[in-house]
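> Here it is: the structure, laid out below.
The values are calculated or read from the model by the stated rules, or taken from the named source; none is laboratory data. Bear in mind the structure is a predicted one, so any value in this text is a computation, not a measurement. We place every Cβ from the backbone using ideal geometry, glycine too, and count neighbours over all the protein chains shown.
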Amino acid sequence: MDLGLSGRTAAVAAASSGLGFASAQALAREGVRVAICGRDRARIEEAAMSIGETALPIVADVSTPEGAAAFVDEAIAALGRVDILVPNAGGPPAGPVASTPIDQYLPALQLNLLSTVAMCQSAVPAMAERGWGRVVAITSATVRQPSPTLILSNTARAGATGFLKTLALEVADRGVTVNSVQPGIHATERFRQLYGDDPDAVDAVAEHIPTHAVGRAEDFGTVVAFLCSDQARFVTGAALPIDGGSSRGFL
């Protein structure tokens, strides 16, 4: 299927590896020129080389609103415009409500909420002026089904989801769609750091997923690319779980 994205431009945050990288790679395969960022120069340059000549590496730290906005501004300067924005960032430290001090909340909100707000503020107004744009934010399945040990992520990413839904309504009549994707467990570098390559450990994790399989990062990227397509022009304000059925609620 031709997604109608050839010649478009994208800024994909935190894309040196994992789901950000997979999203950038999927967009590049559709003919999109992608600016990707990471904090480590060697890693982000290696990721860009792996994607191909249409990928532009940018060294940026999106853990603060200032760093997030700077990434988008640099991407616009390099590409001429940004048609597609994929906000993304790592997660804050784990912990339950009882043992998480109040001073950890602000960095978490900057990382997983305010960075998304800043990227959208830098990119979306110009999209709306041109009459075409796509925002697909990578959040977490814990927005839909909170984890008792991830209070910081639950709080910050839920806030980001509310912001994105509101933004979607504001720009829906101007050719800009705004959606989020909520990943469950995928076979990324982070997953391998946690579980290694031990098949028994992987099977044990997969046993708790209804599909009895861990997600593939490349499949996740394909979903992100589709949400950026012309065919998905009527999908906006959605928060889509990509978790193998792990979210058990109706909504």
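> Take the residues in the stretch 91-105 that are part of a helix (DSSP H, G or I) and surrounded by 12 or more Cβ atoms within 10 Å (Cβ to Cβ); name whichever of them is nearest to the chain's Cα centre (by Cα).
Tyr105
> I'd like the residue in the stretch 157-214 that is polar (S, T, N, Q) and touching a residue at least 24 places away in the same chain (Cβ under 8 Å) and, out of all such residues, is surrounded by the most Cβ atoms within 10 Å (Cβ to Cβ).
Restricting to residues being polar (S, T, N, Q) and touching a residue at least 24 places away in the same chain (Cβ under 8 Å), the top hit is Ser180.
> Tell me the helices (runs of 4 or more DSSP H) entirely within the stretch 18-84 that contain at least 1 residues that are in contact with a Pro (Cβ under 9 Å, 6 or more places away or on another chain), on the phi > 0 side of the Ramachandran plot and not aliphatic (A, V, I, L, M).
Per the criteria, no element qualifies.
> Answer yes or no: is there a residue in the stretch 127-136 that is without any contact (Cβ under 8 Å) to a residue 60 or more places away in the chain and under 15 Å from the mean Cα position of the chain (by Cα).
Checked against the condition, which is being without any contact (Cβ under 8 Å) to a residue 60 or more places away in the chain and under 15 Å from the mean Cα position of the chain (by Cα), the stretch 127-136 yields at least one hit.
> Within the stretch 126-152, track down each residue that is outside any strand (DSSP E or B) and over 23 Å from Phe250 (Cβ atoms).
Residues satisfying the conditions are Ala126, Met127, Ala128, Glu129, Arg130, Gly131, Trp132, Thr149, Ile151, Leu152.
> Can I ask one more? If you check Ser229, Ser246, which single one turns out to be part of a loop (DSSP other than H, G, I, E, B), under 15 Å from Ala141 (Cβ atoms) and of a type in the set (S, T, N, Q)?
None of the others qualify; the one that does is Ser246.
> Scanning for something modelled with pLDDT under 85 and part of a helix (DSSP H, G or I), does the stretch 178-186 turn up at least one residue? Walk me through how you get there before you give the answer.
The first filter runs over the stretch 178-186 and keeps only residues modelled with pLDDT under 85, leaving 185-186.
Filter once more, so that each one left must be part of a helix (DSSP H, G or I): none.
No, there is no match, as no residue in the stretch 178-186 is modelled with pLDDT under 85 and part of a helix (DSSP H, G or I).
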